[in-house]
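Each remark here refers to the structure printed beneath this line.
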Amino acid sequence: MIPAARRRPETPAGPSLSPSRAADFKTCPLLFRFRTIDKLPETPSADQVRGTLVHAVLERLFDLPAAERTPEAAVALVAPEWERLLEQEPALADLFADPPAGAPSRSVGAPSRSTDDPSRSAVDPSRPTSDPSLPAGDPSLLVGDPSLLVGDLSLPAGDPSRTTGDPSRLTGDSPRRAVVTRDPAAVAAEADATGQATLVDIPGGAEAARIAAFLSGAGNLLTGYFAVEDPQRLQPAEREALISTVIGDELLLRGYIDRLDVSPAGDLRVVDYKTGGAPREAFEGRALFQLKFYALVLWRTRGVVPRVLRLLYLKDAEVCDYSPEAGELERFERTLVALSEAIERAKRDRDFRPKPSRLCGWCNHQALCPEFGGTPPPFPEPATSGAVSAEPEPDRLATMLRDGPLG
């Protein structure tokens, strides 16, 4: 029998997990450490901010009467929702500002040289970039501080000297400098979100044009939403809802769901909006992990296994439905308990090792990663307790601003 809904604690007494932090540890324990223990700041990309904006518009869309939920109404919400985001996070405007005189350009490279397949990464030798004639170190495929780019730019993408932490294999003034490599799909997404495809050659004064391109891109994603769903026929039970439960009498699970639909018969459908393209390989597994997490929490709190877990991929106008089973969620629960134990053990031992994969090309912390020649900061003293954050509840806006392949 499924236990009755358990009381949600005011504050977690033991370890906690959210879908994103659990997925971080599975993807790369060092990434988990950087985000959860070191709490290193991450500047969101324009692509991530655009995704956050679209989520906000879709939430507000359902505030309107059903008959008024039209594509035109959704587009009309883009500008005011952008202003609201700027009020909450004024620094977001800096993403579109012209760089100071003498500073490196904000251009993230030539999008025509990128691939729209996010599972292709320059650090995976079996996944070359879309143009095999380009050297792996082509500066147009790299973003970040140019002083961090070292090494032989003619090296092929799979050369181990580009991805190991052996300083003797890196050239340059300092062995601490790191090779920073970005996934071509991440470069393309950023170029698209900031309008660089058309504005990269405009000298100065293009900030307003970049913002206009950014807002127009958000409108295009909303077009993708209406291609796969008719909001006039829907009445969500919950939106942007924080759900939580305790398993094993100790482990707190919590996370935000974009939307929960409940049928007259009581069937649950969990809906998650994705503003990127439909996932491939490692990305698909990460998305499914997130949905199973939500399904488990709902099952344990409401005694009902969700009938459908739905991913809406707005860029590609695709729908991905998955129907979990109780036995599957029981196994998943054991997986989360084991994952939490592994996290607590890693914290006690201060042992968070990097786990190289094609997802490295989307990571913001390559400059500190030994796999790229970097050095992690000293382990914080005292070690941070808990597996998510010290706040009683996760920050929804911060979570959304990190949404993406590694968010």
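At a glance:
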read-out: Residue 265-residue 94 pseudo-label distance in nm [points 7 Å out on the Cα-to-Cβ vector]; value: 5.3
read-out: Too-long pairs where the Cα-Cα distance tops 27 Å, listed order kept, from 292/347; 315/355; 39/315; value: 315/355; 39/315
read-out: Stretch gain in nm, segment residue 39-residue 319, where the contour uses 0.36 nm per residue and the Cα spacing is subtracted; value: 97.4 nm
read-out: For the stretch 275-355, fraction of C-alpha pairs farther apart than 20 Å, in %; value: 47
read-out: Protein accessible area in the stretch 287-362, 1.4 Å probe - carbon and sulfur %; value: 45
read-out: Surface per residue (accessible, 1.4 Å probe) for the stretch 307-372, Å²; value: 51
read-out: Cα-centre dipole for the stretch 211-272 with unit charges at Cβ (Lys and Arg positive, Asp and Glu negative), debye to 20; value: 220
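The values are calculated or read from the model by the stated rules, or taken from the named source; none is laboratory data. On a predicted model such as this, the values are computed, not experimentally measured, just so you know. Please note: Cβ atoms are built from the backbone with ideal geometry, for glycine as well, and neighbour counts cover all protein chains shown. Areas reflect the complete protein model, heavy atoms only, side chains present, ligands, DNA and RNA absent. Shrake-Rupley method; radii C 1.70, N 1.55, O 1.52, S 1.80 Å.
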